[in-house]
Structures are given as structure tokens and as C-alpha cells.
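What follows is calculated from the coordinates using simple rules that are stated; it is not laboratory data. Note that the structure is predicted; figures quoted are calculated from it, not measured. When we count neighbours, we look across all protein chains shown, and the Cβ atoms used for this are built from the backbone with ideal geometry, even at glycine.
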């Protein structure tokens, strides 16, 4: 199937970033979110980002033209005209399972359904459809317009053809594509989240201050961002969720979430998006 129009489900940070890079790559984008306020926020975010890129002469077309290629909608049936779907909704199993069941019933049978999940089993998501061979993981990194990686994940039944389509779409968006196994955390979060978790353990034990832990990793290991700073950027609630999945599904105590990380989430200190995390914003 020739892909001209892509549907992105979810207009949060990840969804609006995916919509932007998709439109920049020449795709028509349908950006769906159940909340009209979130769609308005997404449109403003994309417009601001495109304006900055235009000022730096980093766009191949006028910002206004790229923005006009994105349709913002809260009507789920509007997605029917797309030939490829990228789900970027909240990282909740029940929500994703319901979305994929609905999409499977709604979309043409040859449409590939990709999920941006960072931790949930692709095989399990696919089991809620009748097209498991056309379901795959397409994990973008945050912020999507800047980060070059897309992590591709095959479910147990994902066909070579569907996976090749996911790779083609990612590469047309200017991303570098890697393949990871459908295992808890895939490749990126399997390595990243234990490091962030260990930084919280170190902070809880007063091994060093938050600032010094981050400085140690930036200056001592050449990381562009310290692990605690990164946790605030990603969302401490998201980090906890992934750590819980790693601990539950792998059954190894080394993945046990830090009590301090859990305490921050209980306090509503999720990081940048709430104005308070390890640091105050």
C-alpha cells in the first residue's frame, strides 16, 4: 500500500512530535486526541517548533505549509482515511488494548498498526486485534523532532512486510532505525531505566547531591544529560511505570524501583510537566 496519510493517536509530547516529523517528511497527518484542549496545545507546540526551525533555515518547505498538512481532530472515525497508524496514547495497557481493538475493526485490513509504547508487550497488544501480523512497535525518543532514533519491535506474529513498512516510514521521517526484541523495556529502556533507578537509590542514600550525581555522569561519562535531570524530562511517573514492568516481568530484584522514585510519584512530583521533580521548574 502506498502511504500518503498517517494517523497519530495521542497529541501529547510524543504524539505532537511524531506528527511534526511526519508532516516535515511529506506525509499528510491526522492527529487524533480525545481532548480538544490537548489538540490546541499540540497545534501551538508544533507551530512554535516549526517557526524556530524555519528561522534557522532547517525546513524544506514553509512552516505554514507543513502545519497545514496536519489535521487536528477529536473524532476517531476521521482516522479511517489513513494508510498507516502510529499510536502514541498514554502508557496504559487497558487504554492501548481498547484502542487497538477499535482500530482493527475500523481500519482497512492491509493497514499497519504501530505503537509507540516504551514498555508494553507488542505481542500482547497485537492479540487484541485480528491482524497480529500487521502490528509492530515503533518507539520514538523524546523530543521526537531532535532525537534521531526509532526502536522497531516485532511482535511474535509481525510479518516481514509489515516490519519493513515501519522501517520505511521511520527512515523517511529522517530517523535511524534499530530492531529490538519484544522483551520488557526493549533495548533502550532495558538499559536506561535501571541507570535512572540506580541514580534515585544513590540520591536516597545521600551518596551525593542530585546536582553532583548529574554532574558526575555528564562530566565523568560524557552524558549530555544527567540521569536525574533526564528522569524529570521523561517524567518520573513514566520511569516508575517502566521500572515496575521490568521488575514484574523479569523477576529480578535488581529492577526493584527505588522507594524515593515511588515517593516522588506519590507526591505528584513527575518532573518538568508538573513543575516539580528532582528539581523545581
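In terms of surrounding Cβ atoms within a 10 Å radius of their Cβ, 239, 221, 24 rank from fewest to most as 221, 24, 239.
Neighbour counting of Cβ atoms within 10 Å sorts the residues 2, 71, 263, fewest neighbours leading, into 2, 263, 71. Entry note, region 1-147: relative contact order of 28 percent, from Cα contacts under 8 Å with a spacing of 6+ residues. Once you have a ≥ b ≥ c as the square roots of the Cα gyration tensor eigenvalues for region 39-138, tell me rounded if a/c is under 1.5, and otherwise prolate or oblate according to whether a/b is larger than b/c. It is prolate, given that a/c is not under 1.5 and a/b is the larger ratio. With a simple spin-label model that places each label point 7 Å from the Cα along the Cα-to-Cβ direction, the separation between residue 98 and residue 171 comes to 3.8 nm. Reported to the nearest whole Å, the Cα centre-to-centre distance from region 1-74 to region 137-205 is 21.
Once the chain from residue 2 to residue 244 is taken as fully extended at 0.36 nm per residue, the excess over their C-alpha distance is 83.2 nm.
Specify whether the C-alpha gyration tensor of region 59-213 places it in the rounded, prolate or oblate class, a ≥ b ≥ c being the square roots of the eigenvalues: rounded for a/c under 1.5, otherwise prolate if a/b is larger than b/c and oblate if not. It is prolate, given that a/c is not under 1.5 and a/b is the larger ratio. One equal scatterer on each Cα of the chain, no solvent, Debye formula: the resulting log10 I(q)/I(0) at q = 0.07, 0.10 Å⁻¹ is -0.26, -0.53.
Secondary structure note: in the chain, about 20% of the DSSP beta bridges are antiparallel. Note on region 190-272: Kirkwood radius taken over Cα pairs, Stokes-Einstein applied at 20 °C and 1.002 mPa s, translational D equal to 169 µm² s⁻¹. Note on the chain: helix-only mean residue ellipticity at 222 nm, from DSSP H runs of 4+ residues weighted -39500 (n - 2.57) and normalised by residue number, equals -14500 deg cm²/dmol.
The fewest-to-most ranking of 123, 129, 77 by surrounding Cβ atoms within 10 Å reads 77, 123, 129.
Just check region 60-114 against the gyration tensor rule for me: Cα atoms, a ≥ b ≥ c as the square roots of the eigenvalues, rounded for a/c under 1.5, and otherwise prolate or oblate depending on whether a/b exceeds b/c. Verdict is prolate for region 60-114.
What the Cα atoms of region 142-254 give is an Rg and a Dmax of 16.4, 51 Å. Tilt of helix 188-204 relative to the longest C-alpha principal axis of the chain, in degrees (0 to 90, nearest 10)? Helix 188-204 sits roughly 30 degrees off the main axis of the chain.
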